[in-house]
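Structure first, commentary second.
The values are calculated or read from the model by the stated rules, or taken from the named source; none is laboratory data. Since we're looking at a predicted model, the values are computed, not measured. In this analysis, Cβ positions are derived from the backbone assuming ideal geometry, glycine residues included, and neighbour counts consider all displayed protein chains.
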Amino acid sequence: MKLSAEFAKSLDFGEAAREVVSRPLLELPLLVSERALGDRVDILAASAAAMATAGHTPSMDVIAMPKRGYGPRPIGILSPVARTIYESIVGRLQPHLPTPSREQGIGAHRAFGVDEGRAADVRIVDMDIAACYEYVDHRILADEVLMQSLDPEATRALSELLGDLFPRTVGIPLLRRGFG
């Protein structure tokens, strides 16, 4: 993945770096790499910007994490630089995307299937894609992100980054409890 210098300037690497060093991955403790960079967010942001414009191939380690009732699941652990690049691209797209269903509160989910007086032909099923993150197809995701955001450059950057991380063109990084 190689971002143009102009596009990289439109990304908020500083905010993404602050997010990376302050928020642990899933239920893991804050990793030593993030703790070591805690007071050097500026260096992490500058490194991410430099790597993104230089054609950086991101690194990812895969660990097994227990999944309630289903055995272990693979979790990709991105390097701090790769997470910063990913978070900065997602941060640019975020204002144009719908609110994740996990942020709507449990009441909305408990009401699933309850007749609220709506006609049957207007009901929509909300699927929790974070639960099947390893099966998300990059082409379908890119089509949906482009339709929602109308930002082809950010969509292309996200697709290229995901393609570098997941060469089979399926899967998204699971970075937080709510959603990748």
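Summary table
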quantity: Single residue of region 4-27 satisfying the filter (part of a loop (DSSP other than H, G, I, E, B) and in contact (Cβ under 8 Å) with a residue 12 or more places away in the chain) that is farthest from the chain's Cα centre (by Cα); calculated: Ser4
quantity: Looking only at region 54-96, and only at residues there that are of a type in the set (Ser, Thr, Tyr) and either closer than 20 Å to Tyr135 by Cα or free of Cβ contacts under 8 Å to residues at least 60 places away in the same chain (or both), the one that is surrounded by the fewest Cβ atoms within 10 Å (Cβ to Cβ); calculated: Tyr70
quantity: Cross-chain or 6+ apart pairs with Cβ under 8 Å, region 145-164 first and in contact (Cβ under 8 Å) with a residue 24 or more places away in the chain and of a type in the set (S, T, N, Q), then outside any helix (DSSP H, G or I) and buried (at least 18 other Cβ atoms within 10 Å of the Cβ); calculated: none
quantity: Exclusive hit being surrounded by 13 or more Cβ atoms within 10 Å (Cβ to Cβ) and not in a helix (DSSP H, G or I), set Met51, Met1; calculated: Met1
quantity: Test: Asp137 is acidic (Asp, Glu) and either modelled with pLDDT under 65 or buried (at least 19 other Cβ atoms within 10 Å of the Cβ) (or both); calculated: no
quantity: Residues that are more than 21 Å from Gly55 (Cα to Cα) and surrounded by fewer than 13 Cβ atoms within 10 Å (Cβ to Cβ), drawn from region 4-37; calculated: Ser22, Leu26, Glu27, Leu28, Pro29, Val32, Arg35, Ala36
